[in-house]
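The values are calculated or read from the model by the stated rules, or taken from the named source; none is laboratory data. Keep in mind that what you see is a predicted model, and the values were worked out from it rather than measured. Glycine gets a Cβ as well: all are built from the backbone with ideal geometry, and neighbour counts include every protein chain shown. All accessible areas refer to the heavy atoms of the entire protein, side chains included, with ligands and DNA or RNA removed. Shrake-Rupley method; radii C 1.70, N 1.55, O 1.52, S 1.80 Å.
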Amino acid sequence: MKRLWSVVFLGFTVVALVVGGALSLVGLPGWGGVVLAAGTIVAIGPGLWWVVSALRAGRLGVDAIAVLALVGTLAVREYLAGALIAVMLAGGRALEEYAMRRARRDLTALYERAPRWAHRYERDGPRRVDIGEVSRGDLLLVPAGEMVPVDGVVNRCAALLDESALTGEALPVEYPVGESVRSGVVNAGPAFDLRATSTAEESAYAGVVRLARETEADSAPVVRLADRFAAWFLPATLALAGLAWALSGEAVRAVAVLVVATPCPLLLAAPAAIASGLSRTARRGVVVKGGGALETLGRARTLVLDKTGTLTQGCPEVVDIVAADGFSVREVLGLAAAVDRMSSHVLAAAIARAADERGAEPFTAERVHEEAGSGTTGTVDGRLVHVGKAPKGLDSAWMAAQRARAALDSAMTVWVSMDRGVAGVILLRDAVRADAPRTLRRLRSAGIERVVMLTGDRAEVAESVATVLGVDRVLAERTPEQKVAGVCEEAGRAPTVMVGDGINDAPALAAAQVGVAMGAHGSAASTQAADVVLTTDRLDRLADAMDVARRARRIAVQSAGVGIGLSLVAMFVAALGALPPAAGALLQEAIDVAVILNALRALRPARGTRLHVDAPTDALLHRFDREHATLRPALDLLREAADALDRPSSATLPLLRHVHDVLTGEILPHEQAEEQRLYPALSRLLGDPEATVTMSRAHAEITRLATRLGRHVELAGADGPRPEQIDDLRACLYGLYAVLTLHFAQEEEAYFSLAGRAE
């Protein structure tokens with residue numbers, strides 16, 4: 001209805017102006033003046049309503065100037081100027097509403113596409129029911145092309161999901177059976193079954209909808225500045241108009257001043273730019289709760305980050321497996337996975353996942369039981385296997401060495417024992433996010449001057465992560481209360497952004513000027529306490545949001561400043577009598593339109609600190625990133641072979657041959673493909689042919705060491721490598737392990753973290 005009224009109002013004023021002007025041109029100035037005056041009079045009513053509405057809201061808007069200008073043109077019989085002001089007033093409102101509607105389109109789309117029904121399995125098969133009827137535990141069918149209605153777990157066959165509307169990711173993501181999925185994403189593959197773990201109200205998408213609605217409930221400081229500006233601009237305009245009339249004795253000059261001051265560009269530009277920024281962040285998978293949060297985000301100088309789940313993956317990964325005498329790495333991992341597949345512990349899930357990825361021995365466990373705080377025990381091939389803490393009373397120099405190594409690596413240890421004897425140990429660590437280093441560099445480029453890590457974890461673990469990321473200050477072993485104190489301390493120095501994902505982060509998020517929640521896997525408490533929510537599990541989206549925020553704020557201030565400057569110049573020219581009312585109205589209309597169109601630039605994508613990745617290069621990055629995941633077990637094989645040289649046996653030579661086959665058949669072809677396809681594309685992307693030279697040098701070293709290993713295999717005797725070969729063989733294998741591990745990490749941080757950014 002509001003939109004219809006704006007169209008009708010604009011249409012009437014335009015018709016009055018055209019018809020009145022035409023009548024005047026054909027020699028009927030009397031009738032032309034009547035029609036122009038009618039258009040002016042009609043515009044006074046809405047203008048008065050807007051003035052009263054602003055006063056009721058506690059604001060003194062510059063619409064009062066428009067009303068005074070309309071009345072003034074009637075008084076001095078400048079009917080053409082009055083009709084132009086009427087069109088300007090109606091057109092400005094219509095253009096502003098269009099700008100706000102266009103800017104909010106992406107936010108509105110979030111809740112307009114909310115799931116409304118689900119296909120629930122009942123006795124006679126799937127039946128379509130209202131979304132509100134779904135309960136926890138219900139088994140649902142998600143047909144191809146339809147939206148996942150509630151949060152749940154994939155129950156039958158893998159799910160291929162399009163998450164672009166929620167996260168901004170262009171490529172579908174595959175979720176295996178047993179994996180949790182969020183509502184609001186679209187099934188891009190065949191139909192699958194979903195076991196509901198929440199109701200519609202509790203689902204992730206419902207939370208996003210609530211957040212999207214909240215974005216319209218607040219106005220940014222730069223927008224509120226417009227209201228304060230009007231408080232002095234209105235009396236200043238009236239004073240200048242009165243002075244021009246008093247000094248010249250011509251009322252028409254006062255009317256001309258009022259005309260060019262109508263309406264204020266600041267009131268049009270700031271809301272349009274901020275709303276455009278909110279829309280742009282929504283496209284990148286970031287929901288900002290209102291213009292105030294966006295504007296503050298755009299001027300932040302300090303960034304405080306939680307560690308677990310924010311800078312790190314939030315779930316442990318197996319980083320190494322060490323086998324005791326008489327066991328192999330594949331056996332140790334297979335035994336642990338056989339027992340831990342029955343456990344719900346987060347470490348057990350990581351071990352089972354590593355066993356699947358690394359091809360562990362396929363053992364089956366029976367009579368499994370779990371003891372809280374101790375571990376899981378089961379029977380494998382008639383032998384008792386325990387996974388968890390080391391058996392009491394069992395210790396050795398070898399075990400002490402593994403504990404020391406784990407401490408140095410800031411890793412957790414899971415001991416695997418068989419019949420009370422230690423079979424091996426599995427080391428796990430919460431890995432740093434691949435995109436974290438690049439994101440922090442981008443944030444510093446965007447204006448962040450200080451980065452602080454705030455965590456409840458041990459100091460040595462926090463320091464190891466901080467060293468990798470180049471954090472300025474580490475606050476470790478902090479309770480939730482101490483986290484709040486730390487954030488308040490930083491917020492007292494400069495505008496501060498706090499990023500977290502856990503329940504214990506909620507108070508700290510609320511204490512910061514801007515709280516940012518990792519909403520993809522974060523707690524409901526942190527999401528509710530935050531001002532900004534990342535709907536995808538990618539930290540780099542925060543850098544995208546800050547780019548948008550800074551640009552939107554810059555455009556808002558720029559548009560308003562230029563518009564007001566031009567208006568003030570025009571007002572002084574009009575006061576001197578050099579700008580008649582009709583010409584002034586046309587000039588002000590041009591200023592207002594230019595200001596709003598400039599503010600809408602905030603809707604368009606901008607590079608900011610983000611490197612634009614074209615689609616073909618993005619596909620290459622995804623491909624080689626996936627290959628890294630499949631090749632990681634080969635790195636462990638290198639270390640296993642090097643360790644085996646301490647105790648050469650008949651199995652040593654076959655192991656070395658297998659390692660060489662993996663190198664020549666899998667790793668070297670991967671490196672050669674990177675050299676031939678990925679690196680040239682990255683050189684073009686980065687605009688520097690030297691950008692990948694150091695990585696190419698690593699490829700050459702990998703090839704040299706692999707060739708050296710092959711030569712050793714050829715020189716080995718029938719019983720294995722000769723004694724004089726052992727030292728160089730060991731150095732060769734450890735060298736390959738070190739170079740490949742570092743090379744993989746460098747590529748994942750420097751290059752693969754760019755994946756998923758094609759537009």
*asked:* Suppose we keep only residues that are basic (Lys, Arg) and not in a strand (DSSP E or B) within region 402-431. Which one would you say is farthest from the chain's Cα centre (by Cα)?
replied: Arg420
*Quick one: how many residues across region 184-201 are modelled with pLDDT of 85 or more and open to solvent by 30 Å² or more (accessible area, probe 1.4 Å)?*
3
*Residues in region 349-384 that are in contact with a Gly (Cβ under 7 Å, 6 or more places away or on another chain) and more than 29 Å from Ala629 (Cα to Cα): how many?*
4
*Can you find even one residue in region 432-447 that is open to solvent by 20 Å² or more (accessible area, probe 1.4 Å) and either in a strand (DSSP E or B) or in contact with a strand residue (DSSP E or B) (Cβ under 7 Å, 6 or more places away or on another chain) (or both)?*
yes
*Identify all residues within region 714-742 that are crowded, with 18+ Cβ neighbours inside 10 Å and under 33 Å from the mean Cα position of the chain (by Cα); write none if there are none.*
Leu740
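Residue-by-condition table, conditions (1) modelled with pLDDT of 65 or more; (2) part of a helix (DSSP H, G or I):
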site: Gly178; (1), (2): yes, no
site: Glu216; (1), (2): no, no
site: Ser219; (1), (2): no, no
site: Val223; (1), (2): no, yes
site: Phe229; (1), (2): no, yes
site: Gly242; (1), (2): yes, yes
*Of these, Leu107, Leu48, Leu10, Leu95, which one is in contact with a helix residue (DSSP H, G or I) (Cβ under 8 Å, 6 or more places away or on another chain), surrounded by 22 or more Cβ atoms within 10 Å (Cβ to Cβ), part of a helix (DSSP H, G or I) and at pLDDT below 80?*
Leu107
*Filter region 471-493 for residues that are over 17 Å from Val516 (Cβ atoms) and either in contact with a strand residue (DSSP E or B) (Cβ under 7 Å, 6 or more places away or on another chain) or open to solvent by less than 40 Å² (accessible area, probe 1.4 Å) (or both) and give the result.*
Asp472, Arg473, Val474, Leu475, Ala476, Arg478, Arg493
*Please state which one of Ala275, Ala251, Ala270, Ala256 is buried (at least 24 other Cβ atoms within 10 Å of the Cβ), out of contact with any Asp or Glu (no Cβ under 8 Å at 6 or more places or on another chain), modelled with pLDDT of 80 or more and among the small types (Gly, Ala, Ser).*
Ala256
*Kindly indicate whether any position in region 309-320 is more than 29 Å from Leu469 (Cα to Cα) and either in contact (Cβ under 8 Å) with a residue 24 or more places away in the chain or of a type in the set (S, T, N, Q) (or both).*
no
*asked:* Suppose we filter Glu690, Glu671 for residues that are surrounded by 15 or more Cβ atoms within 10 Å (Cβ to Cβ), over 19 Å from Ile726 (Cα atoms) and within 33 Å of the chain's Cα centre (by Cα); which single one remains?
replied: Glu671
*Being open to solvent by less than 30 Å² (accessible area, probe 1.4 Å), modelled with pLDDT of 80 or more and either under 43 Å from the mean Cα position of the chain (by Cα) or of a type outside the set (Ser, Thr, Tyr) (or both) narrows it down to one of Ala585, Ala642, Ala602, Ala619, so name that one.*
Ala642
*Considering Ala390, Ala360, Ala365, which residue is without any contact (Cβ under 8 Å) to a residue 60 or more places away in the chain, over 25 Å from Ala401 (Cβ atoms) and small (Gly, Ala, Ser)?*
Ala365
_strands (runs of 3 or more DSSP E) completely within region 325-401 that count 3 or more residues being open to solvent by less than 90 Å² (accessible area, probe 1.4 Å) and not hydrophobic (A, V, I, L, M, F, W, C)_ = 375-380
